Amino acid sequence: MRLYIQGSNLAKDLSDEEAKVLLDYLATNMSARGGQEKAKPDPNSRLPRTLMTGDQLKYKVVEFLLPKPEVEPHEIAVDAQGNAWITQRTGGKLGRLDVKTLEYQEFDPPPAASKTIRLNGIVSAPGGGQLWFLDGGPNRRWFNYDIKTAQFATYTLPKLKSGNASGNTMRVHPNGTVWLNSIAANQVIRLNPTTEQFSVFDVPSGVKAGRTANPYGMAIDGSGKIWFVENAMNQMGRIDPVTGKIDEFEVPVKNAVPRKAGMDSEGNVWVGLHGAGILMKIDYKTTKMTLFTPPTEDAGVYSVQGDPKSKLVWFSEQHVDKIARFDPQTGTFTEFPLPNAESDHRRIDIDPNQPNRIWWTGNTSGRIGYIELLGGN
């Protein structure tokens, strides 16, 4: 909390004594089992209890445990060569897993005034040769990383009244601008890399309510408009990138807890309704919302991404340790179990060259990996 305050031009920092009192209270009252170590799950507890059939059988899983599992790899992006890149929220490093050799490497971002580096949202730019990601800690930096030259370009975000701007979803618009949902700040932020100028858009429902709407997932539709999830308001927002006008749309499920959003090959937007366990499609031309329920109850639909080379839609089922595929043409779901319980897979990304390979990253498990269909889609 104090790190976020450091990035604010409005909030007043706590004193060391106040911080100690707060920390003591949290340690006493909010630690797992009152301070006792959390019980480890049975790693096999989520595996199927009935025989799988059909396409469920035709896949393999590759999984990698990070050298330091506690670094919180919340986000993942796949480059043009099919390699996976992760940002460490507490470890402060950029990580890469080579898809061919399975060699894992870590890279340090450029040093800054504060040694506290909290990397978060990451996205592979069109073409897959560059990465965009951010340091949401007190240094308030956005990075562009050129994979071929291994060079970082740094963009420093000005101080905002709400503190540091951090979030777990970034997108690159076809016009070259980079967008971030700043969860705690109730803002959607745009960077124009050419001019190095940032623009800030306040979420209307959050401003009206006097609290953040928790802008979370984001997707760019077929017309170039930016859709973003209003996690705390059970709504979707949509920004016109030319005028900056924001429209808001209510999600047709109570207490849906929407999370991540993705785009399909036709330009439609898909959203994971995490609390409701439902997959939602938004027709970008009509704004009609359609709901689809996976076969597993309370699956915790979280991260969603459309296959760029077909009409298939992939998503993570965080509550049940599965990655699932939905075919809108037939209305059928196929679920693929991961090998370990409590994988906590918060984000998926599709290999742009092999869309039958779906990468995932587990925030609290400290694991990354992929599932790959055998014999094509």
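Each reported figure results from applying straightforward, stated rules to the coordinates on display, with no laboratory input. Keep in mind the model is a prediction, meaning the values are calculated, not measured. For neighbour counting, all protein chains shown are included, and Cβ atoms are generated from backbone atoms with ideal geometry for every residue, glycine included.
For a quick size check, give me the Cα extents of region 179-242 along its three principal axes, largest first, whole Å.
Projected onto its principal axes, the Cα set of region 179-242 covers 34, 25, 16 Å.
With unit charges on the beta carbon (Lys/Arg positive, Asp/Glu negative), name the residue among 170, 185, 334 whose Cα is farthest towards the positive pole of the charge dipole of region 40-373.
The one lying farthest along the dipole's positive direction is 185.
Among 180, 131, 119, which one shows the biggest mean-square fluctuation in a GNM of the chain, springs joining Cα atoms closer than 10 Å?
Greatest mean-square fluctuation among the candidates belongs to 131.
If I build a Gaussian network model for the chain, linking alpha-carbon pairs within less than 10 angstrom, which residue out of 136, 167, 128 has the largest mean-square fluctuation?
128
Show me, bin by bin at 10 Å from 0, the whole-percent P(r) of region 90-151 based on Cα pairs.
Bins of 10 Å from zero give 20, 53, 24, 3 percent of pairs.
For the chain, what is the calculated [θ] at 222 nm in deg cm²/dmol (nearest 500), taking -39500 (n - 2.57) for each run of four or more DSSP H residues and dividing by its residue count?
-2000 deg cm²/dmol
Compute the normalised compactness of region 191-349: alpha-carbon radius of gyration over 2.2 N^0.38 Å, N being the residue count.
My calculation over the Cα atoms of region 191-349 gives 1.05.
Could you give the radius of gyration (one decimal) and Dmax (whole number) of the Cα atoms in region 132-235, in Å?
In order Rg, Dmax, the Cα atoms of region 132-235 give 13.8, 46 Å.
Using the Cα atoms of the chain, I'd like the radius of gyration and the largest Cα-Cα distance, Dmax, both in angstrom.
Reported Rg and Dmax, both Å: 20.2, 62.
What's the long-distance tail for region 335-377, i.e. % of Cα pairs beyond 12 Å?
Tail of the P(r) past 12 Å holds 60 percent of the pairs.
Roughly how big is the chain's charge dipole about its Cα centre, with Cβ charges of +1 (Lys, Arg) and -1 (Asp, Glu), in debye to the nearest 20?
360 debye
Quick one: longest stretch of the chain between exposed loop trypsin sites (Lys or Arg not before Pro), exposed meaning at most 13 other C-beta atoms within 10 Å and loop per DSSP?
Longest run free of exposed loop sites: 289-377.
Please enumerate, by chain and number, the lysines with C-alpha under 20 Å from the C-alpha of residue 260, excluding those fewer than 8 residues away in the same chain.
Within the straight-line cut-off, residue 260 pairs with 225, 281, 288, 311, 322.
Counting only C-alpha contacts under 8 Å and six or more residues apart, can you give the relative contact order of the chain as a whole percent?
So the answer I get is 16 percent.
Are there any GluC sites (Glu not before Pro) in region 38-136 that are in a DSSP loop and have at most 11 other Cβ atoms within 10 Å? List them by number.
Passing sites in region 38-136 are 103.
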